[in-house]
Amino acid sequence: MNGWNFAEIWERIADKFGDSPAQIQGDRVDTWSDFDRRADGVAATLLSSGAVHQDKVALYLYNCPEYLETTFACYKAGLVPVNTNYRYVADELLYLWDNADAVAVVFHGAFTETIASIRHQLDQIATWLWVDDGHGGCPDWARPYEQAALTETPRVTGPVPAAATTSS
């Protein structure tokens, strides 16, 4: 298993058990095929928005399927997911995302107002993916997460680090 990552492991599970449940939240059941396909859409969106190997993606979400989908997407694309505590206030968000050099943020709609008050101070963040949680509509400066997740794309494969390509 030298050189494998979570994305490759989860993709193999999706290939073998595609119709089996991967995530269940209330009445929502996503199969391994759904999980894999949606993560590919998010990964492709992040990459097409300019994210490159080892860039950071902040996850400012409550517990939800989109959290794991985005994490999977990051692993596929060679990006780094950065957990963001949903209790953080504006100053803490600024500190975390600036110091992490985040280039993208995936956030629940409930956090739109807080983000809107600080995003002008976060010029390095090029991509804002809004997850609909019933708290208002998608702001004009963000893209709906569902649009990204439903992006048609072949399986996304991120760059392979040099150490993984050399033989011992």
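The values are calculated or read from the model by the stated rules, or taken from the named source; none is laboratory data. Computed from a prediction, not measured in an experiment: that's the story for all the values here. Note that each Cβ is placed from the backbone with ideal geometry, even for glycine, and that neighbours are counted across all protein chains shown.
The condition (being farther than 23 Å from L96 by Cα and out of contact with any helix residue (DSSP H, G or I) (no Cβ under 9 Å at 6 or more places or on another chain)) is satisfied by just one residue among G50, G26, G18, G41: G26. I'd like to verify a number: residues in the stretch 6-45 that are surrounded by 15 or more Cβ atoms within 10 Å (Cβ to Cβ), more than 16 Å from the chain's Cα centre (by Cα) and either of a type in the set (G, A, S) or at pLDDT below 95 (or both), how many? Summing the residues that are surrounded by 15 or more Cβ atoms within 10 Å (Cβ to Cβ), more than 16 Å from the chain's Cα centre (by Cα) and either of a type in the set (G, A, S) or at pLDDT below 95 (or both) in the stretch 6-45 gives 4.
Quick check: is even one residue across the stretch 50-68 among the β-branched types (V, I, T), assigned to a helix (DSSP H, G or I), surrounded by 21 or more Cβ atoms within 10 Å (Cβ to Cβ) and within 12 Å of the chain's Cα centre (by Cα)?
Taking the stretch 50-68 as the starting set, the residues that turn out to be among the β-branched types (V, I, T) are 52, 57.
Applying the additional criterion that residues be assigned to a helix (DSSP H, G or I) yields none.
No, the stretch 50-68 contains no residue that is among the β-branched types (V, I, T), assigned to a helix (DSSP H, G or I), surrounded by 21 or more Cβ atoms within 10 Å (Cβ to Cβ) and within 12 Å of the chain's Cα centre (by Cα).
Among the residues of the stretch 43-62, just one is farther than 13 Å from V105 by Cα and touching a His at 6+ places or on another chain (Cβ under 7 Å), namely Y62.
For (1) part of a helix (DSSP H, G or I); (2) touching a residue at least 12 places away in the same chain (Cβ under 8 Å); (3) surrounded by fewer than 19 Cβ atoms within 10 Å (Cβ to Cβ); (4) under 10 Å from the mean Cα position of the chain (by Cα), each residue gets a yes or a no:
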residue	(1), (2), (3), (4)
L47	yes, yes, no, no
Y75	yes, yes, no, yes
V82	no, yes, no, yes
R87	no, no, yes, no
L94	yes, yes, yes, no
A104	no, yes, no, yes
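Somewhere in the stretch 115-137, is a residue assigned to a helix (DSSP H, G or I), in contact (Cβ under 8 Å) with a residue 24 or more places away in the chain and closer than 13 Å to Y60 by Cα? Yes, the conditions are met somewhere in the stretch 115-137.
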